[in-house]
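Accompanying notes for the structure given below.
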Amino acid sequence: MSYRLAADVGGTFTDVVMVDDETGILKTTKVLTTPQALEAGMLKGFDELTSGKYEEITSIVHGTTSGLNSVIERRGAHCALITTKGFRDVYEIARANRPEIYNNHYRKPEPLIPRRDIYEIEERTTYAGEVEKEVTYETVKELIPRLEGQYEAIAVCLINSYINTENEQKVCRILKENLNGEVIVTASHEIARESREYERVSTAVLNAYVAPSTRHHVHALTEELRKRGFKGTLYMMQSSGGVIRAEMAAVRAVQTLMSGPVGGAIGAGAIRRENIIGFDIGGTSFDVSLVVNGKIETAVEAEMEGFPILAPTVNVFSIGAGGGSIAWEEAGGMRVGPQSAGAAPGPVCYDKGGTEPTITDADLVLGHLSPGHFLGGRMKINEYKTKEIFAAYGEKFGLDMVTAGEGVCTIANHKMADAIRELTVRRGIDPRKFSILAFGGAGPMHAALIAGELDIKEVIVPANPGVFSAWGMLQADIRHDAAVTSLCLLNRLKEEEFEQNFECLKEELQEVLEKEGIGRRKKQYICSLDMRYFGQEYTISVDIPEGRGCCRDDIEEQFNSIYERLYGHHSPDDMIEVVNYRMTVIVPVKKSPAAGKAGEGSADIIDRLPGYFDGVRYDMNVYAREQLVAGSRIEGPAIIAELTSTTVVPPKWKLTVDEADSMIITRV
């Protein structure tokens, strides 16, 4: 017997999935996240599913928002930055653009490394890649006394090191030889070998900022798994949607910052629909992603807390609106989030010390949550205390308990619908042509109401929705990306240069695969070019089909077509410039397709609860998810209860179960 495990570590719950490689049968569980030691919560879930038989586990993949949270909460490592003399202020000056042009109170984000921790050295590489001034041992060694024992990590970003890495390599080598082995040294060319000085230094700094905590987490988890007899491979999700060995993730931590939310996006790509809006409502956030024409939307760079990151990332838009988001009062009006009760103390209904009303509490007050079946009946819900707290909250606005609960849920649903509009309508995409895929502990509870607000006709709730992101991680292939800047006008691009740049990237990726011990496995290479009209600053990515070669006319036509789709126009008479060459290598892993359950189409009602929609009271039937089989049909209003989530079918909506064991909710 052989099994694979996956864990999605969220702000409130840790979701764990185990799949039997021979039968495809899934086992799932949900445990409270342990923020002080994430591995503790993960191991509790692993122990429950494996019954201690870790020798039968071939691989474990996990994703976490711990790195992301350390950036948001500014609790990352104490870092230093080493750069070329005269360029000390590049990181602090950043760019001169104003992302919020009409916000009079806009301020640039405070740098993660203050100016006093930025050091300069005498060296210089020209824009053409010629070393004008070499790095000497004496130059770097002068810094050692000022660095020793002061920093957990050091980022090294020298001017033009993306085109010639010689000086940057020397600096890193001297630092590693003379500093404590615990100090992590990040070289910008190893993380982002691309032009644009500020973006490259920002990426290197972010990596240094989160690498120590990521390394600590990986080492602690690896050691605990070793003690339990695990001999398989430990992976981490990457922001790009692929997986990477955990030991490599500890060094390239910036590539895992969005590793938690992207699992659901990968899972959405496995659902049989061309256009999907996938969203995950967990304990602390609402994360939404798109599948357009069967392809997961990704970008070659991203932004986090105002800092640019040169790393491929699945497009995930997040807001602070999860089940644990706190309802509060300001200037006589209701407010919801982004503050969250998290796992500790959690919502009031968890009865773990929470005293402030949350979205989950509002769902309970409205009867959208079955107290006797929450978490499969494992967790007792304090209904009396929740209603008491919500009654007091409603009094602040002269409202009764139910109306206050509807107000909180309506505000939350509006915010979530706006997040979807941000990703669709504002980019010229009509959400009405999409299906919603709802997952996470609270996603299926709000999905139909959000769909109604957006005039979307179909909602899909997959099997095991509460752990869908963890299941999605089991569908992720091993992936590595490489890029190099090489500026050239498209009409002057030569076949030899084109082939040589891609060949160098292929050799670089092959070395990485060899280090992972998978160099001989079946693989797929995907090539693309970052291009722009000459004189522009930003680029768009153009895929180069395998075997196409340097066909300049085809590349130009494809670029103009993409530009037209994105911006509504193109400039056929303008010169086009090639900026970056990119290559991705994909090593496929075994997938775990969902399978429906055969049986009769009817299900027994296990409970009846009073529920409220738009101020009207309804008697809601409660059904057990495990009793539903392919062909089952249920009319709303109803609640579908299961271990990992709760699904709400509002009035005038109906639910059917398809052959893949997904619940399809549509208007009557």
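Here, each number is a calculation from the coordinates, and none is a lab measurement. Small disclaimer: the values here were computed from a predicted structure and weren't measured. Counting neighbours? That spans all protein chains shown, and the Cβs are built from the backbone with ideal geometry, glycine included.
Using only Cα atoms, figure out Rg for the range 72-215 and give it as a multiple of 2.2 N^0.38 Å. Don't jump to the answer; show the numbers that get you there.
Details: Rg = 15.3 Å, N = 144, 2.2 N^0.38 = 14.5 Å.
Against the compact-globule rule of thumb, the ratio is 1.05.
So how far, in whole Å, is the C-alpha centre of the range 31-90 from the one of the range 359-425?
Between the Cα centres of the range 31-90 and the range 359-425 lies a distance of 31 Å.
Starting from the Cα of Lys590, step 7 Å along the direction of its Cβ; do the same at Asp614; then give the gap between the two resulting points in nm.
Those two pseudo-labels are separated by 5.0 nm.
So if each residue of separation counts as 0.36 nm, and I subtract the Cα-Cα distance between Asp573 and Glu130, what length gain in nm does that give? Before the final figure, lay out the partial values.
Working: separation 443, 0.36 × 443 = 159.48 nm, distance 3.42 nm.
Between Asp573 and Glu130, full extension yields 156.1 nm more.
At a Förster distance of 56 Å, what's the computed FRET efficiency of Tyr137 paired with His414, Cβ-Cβ distance as r, to 0.05? Please list the in-between numbers first.
On the way: r = 61 Å, r/R0 = 1.09.
The calculated FRET efficiency here is 0.35.
If I stretch the segment between Arg115 and Glu388 completely, what's the gain in nm (0.36 nm per residue apart, minus their alpha carbon distance), one decimal?
Working: separation 273, 0.36 × 273 = 98.28 nm, distance 5.08 nm.
Additional length available on full extension: 93.2 nm.
Cβ neighbours within 10 Å, averaged per peptide: list 36-43, 122-129 in order, most packed at the top.
Numbers: 36-43: 19.1, 122-129: 15.8.
Those peptides, ordered most packed to least, come out 36-43, 122-129.
Please give the helix 383-395 orientation as an angle from the longest Cα principal axis of the chain, in degrees from 0 to 90, rounded to the nearest 10.
Here the helix axis deviates by roughly 80 degrees.
Among DSSP beta bridges lying fully in the range 72-215, give the percent that are antiparallel, nearest 5. Mind dumping the intermediate values first?
Working: 2 of 15 bridges.
Of all bridge pairs located within the range 72-215, approximately 15 percent are antiparallel.
Find the Rg to Rh ratio for the chain, where Rh is the Kirkwood radius over alpha-carbon pairs and Rg uses the same atoms.
Numbers: Rg = 26.0 Å, Rh = 26.5 Å.
Answer for the chain: 0.98.
I want to check the label-to-label distance for Thr666 and Lys506. Put each point 7 Å from Cα in the C-beta direction and report it in nm to one decimal.
Spacing of the two 7 Å Cα→Cβ label points: 4.7 nm.
Dividing the Cα radius of gyration by the Kirkwood radius, what Rg/Rh value follows for the range 173-213?
Working: Rg = 11.2 Å, Rh = 11.0 Å.
So for the range 173-213, dividing Rg by the Kirkwood Rh gives 1.01.
Give the separation of the Cα centroids, the range 95-121 to the range 173-189, in Å.
26 Å
At most 13 other Cβ atoms within 10 Å and a DSSP loop assignment: could you name the trypsin sites (Lys or Arg not before Pro) in the range 319-378 that fit?
Values: sites: Arg335, Lys352, Arg378; in loops: Lys352, Arg378.
Listed in order of number, the matching sites are Arg378.
Can you tell me the order of 68-80, 468-480, 620-632 when each peptide is scored by its average per-residue count of other Cβ atoms within 10 angstrom, highest first? Numbers along the way, then the final one.
Numbers: 68-80: 17.6, 468-480: 26.0, 620-632: 19.2.
Top of the packing list down: 468-480, 620-632, 68-80.
Take peptides 233-240, 383-390 and line them up by average Cβ neighbours within 10 Å, highest first, as a rough protection proxy. Please report the intermediate quantities before stating the final value.
Working: 233-240: 25.5, 383-390: 18.9.
Ranked from most to least packed, the peptides come out as 233-240, 383-390.
Say the cut-off is 31 Å between C-alpha atoms; which of Lys85/Lys523; Lys141/Lys506; Lys385/Lys415; Lys27/Lys231 go over it?
Details: Lys85/Lys523 43 Å; Lys141/Lys506 35 Å; Lys385/Lys415 27 Å; Lys27/Lys231 21 Å.
From the list (Lys85/Lys523; Lys141/Lys506; Lys385/Lys415; Lys27/Lys231), the Cα-Cα distance tops 31 Å for Lys85/Lys523; Lys141/Lys506.
What does the charge add up to near Ser469, with Lys and Arg as +1, Asp and Glu as -1, over the other residues with Cβ less than 9 Å from its Cβ? Before the final figure, lay out the partial values.
Details: positive: none; negative: Asp8, Asp15, Asp280, Asp287.
Net local charge, Ser469 excluded: -4.
For Thr355 and Glu182 in one chain, what is 0.36 nm times their gap in residues minus the Cα-Cα distance, to one decimal in nm? Numbers along the way, then the final one.
On the way: separation 173, 0.36 × 173 = 62.28 nm, distance 4.18 nm.
Going from the current span to full extension adds 58.1 nm.
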